[in-house]
Amino acid sequence: MNPRPPWTSTAPRTGNWSRRSFVDEERILPVKTRRRIKVWTLTGYRAGERQQILALAEALGFPFEEKLIHHGIGTAGASLLRRVSLVGIPASDRAALAPPFPDLLIAAGARNEPAARWIRRRSRGGTKLVFVGRTWAPPSAFDLVVTTPQYRVPPAPQVLENLGTLHRVRSDRLGRAGKRFRGEFARCPKPRLGVLVGGPSGPYAFGVRAARRLVRAAEEEARRLGASSLLVTTSARTPSDVVTVLEEEFTMPAFVHRWRRNDPENPYLAILAESAALLVTGDSVAMISEAIQTGKTVRLFDPGRGRFSMRAPDGPPVTDAEKNDFRWKAWGYDLMMRRGPRRLSRDLALFHRRIIGAGHAGWVGDPLPPTRPEPPRDLERTVERVRALLRIGAGDVHEEFGVAAEA
């Protein structure tokens, strides 16, 4: 009998997916409504924030209206000073924020914070404000703050700290994407290792040196896991010279996708679906969270060395052959983390320690755990908290969507 492949899980499964990998679609039941819930989303100006907002809004199951506002001079200052204001927002966008106000407002991003709090105040308690990520105002200024470990938000009754970010990765979307790209991936023999590449983030530079280390690490990890080829995708933060290295220097069969804005042929979801295991660069909390949710083996790549290793002080040392890439922005962020106010930075090491300690991932080259836990229920936990805010009971749902709230 062949031994169990190292990417397989011993956790209980239903169908092709871990039973907790996704919001359980079988619990979405048609029930007649007793309330009509009005929801606005204050669209994030960063792609990752927008995805988290949409993930929560869609999972709640109520119709929602996206409010996109533009930010002018004064918006950043209003956020830093914790103002409750529409300062810096053009008159045309302010008109879209006029009453009647919603029952629920979901928002993210520092520049959106003053406007979100303005809506909450003007509603005189009628609008529940759910803010995703990190806030400048204290948690008591919101009805719920949904955050993750790297932001170091202090515990409070209004704070829900999830293990990872909210996302829109669902089994049905993965299935469709995998089927769509099956032909393009055909030249890469199975089993495959998916490689999800981020870029420079905070104190961590990511240039050509790190890219070449990634090429070696991905091929070594693929051979270690028994994978025969690589499915690689870059992202919005991946520098062009890093992409060039990835396109030219792999020696084993590899599909490499160069990220483009608004690309209808983005294979990201298909790579999640068609890979037997996943390797993710440690800079991207969102991609790591999505990889973990598939229930597959997840390995993390550390682009740095020495003090700029994500595992410092226990990471690999700087040597003549293994030096760090240099970026002034990364150097300045490192200085801010060590000398500046904690509120101005985030600490990715806190996130890494949490997910590795829980058994959801491991660093490239580290021993594989004998078993893996069920993926986190972050989205489900958040939906439960929001429904509690709105005082939604079992069967108390919106008729257009027919999504049953759990008791």
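Every number in this text was worked out from the coordinates using simple rules, so none of it is lab data. For clarity, every value in this text was computed on a predicted model and none was experimentally measured. Cβ atoms come from the backbone with ideal geometry, glycine included; neighbour counts cover every protein chain shown.
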### Query
Based on the Cβ-Cβ distance of R216 and W328, what FRET efficiency does E = 1/(1 + (r/R0)^6) give at R0 = 22 Å, to the nearest 0.05?
0.25
### Message
Using Cα-Cα distances under 8 Å and only pairs 6 or more residues apart, what relative contact order does the chain have, in percent?
### Response
23 percent
### Query
Which part of the range 258-298 falls in the paramagnetic zone of R182, meaning amide N under 12 Å from the point 7 Å along Cα-to-beta-carbon?
274
### Message
What does the extension gain come out to for R339 and A388, with contour length at 0.36 nm per residue minus their alpha carbon separation?
### Response
13.6 nm
### Query
Considering the dipole of the range 171-363 built from charges on the beta carbon (Lys and Arg +1, Asp and Glu -1) around the Cα centre, which of M252, V197, A222 is farthest to its positive end?
V197
#### Entry: All lysines inside 18 Å of K128 as judged from Cα atoms, apart from same-chain residues fewer than 8 positions distant
K38, K67
### Summary
Options (1) 22.0, 70; (2) 29.5, 90; (3) 27.3, 90 for Rg and Dmax of the Cα atoms in Å; the value derived from the coordinates is listed as (1)
### Query
Simple spin-label model, 7 Å along Cα-to-Cβ: T244 to E161 in nm?
4.3 nm
### Message
Within the range 101-122, name every residue whose backbone N is under 12 Å away from a label modeled 7 Å from Cα of R36 along the Cβ vector.
### Response
none
### Summary
The simple spin-label model distance between L350 and R223, using points 7 Å out along Cα→Cβ, in nm, is 4.0 nm
### Message
Taking the Cα centre as origin and putting +1 on Lys and Arg beta-carbons and -1 on Asp and Glu beta-carbons, what dipole magnitude results for the range 171-363, to the nearest 20 debye?
### Response
500 debye
### Message
Tell me which of V87, M336, A108 sits at the most positive position along the dipole axis of the chain, charges placed on C-beta atoms (Lys, Arg +1; Asp, Glu -1).
### Response
V87
### Query
Roughly how many debye, to the nearest 20, is the charge dipole of the chain about its Cα centre, given +1 on each Lys and Arg Cβ, -1 on each Asp and Glu Cβ, and no other charges?
920 debye
#### Entry: Sorted by Cβ neighbour density within 10 Å, fewest at the top, the residues K179, K296
K179, K296
### Summary
Extension length gain for A358 and R381 (0.36 nm per residue less Cα distance), in nm, is 6.6 nm
### Task
Take every DSSP beta bridge whose two residues both sit in the chain, then give the antiparallel share in percent to the nearest 5.
5 percent
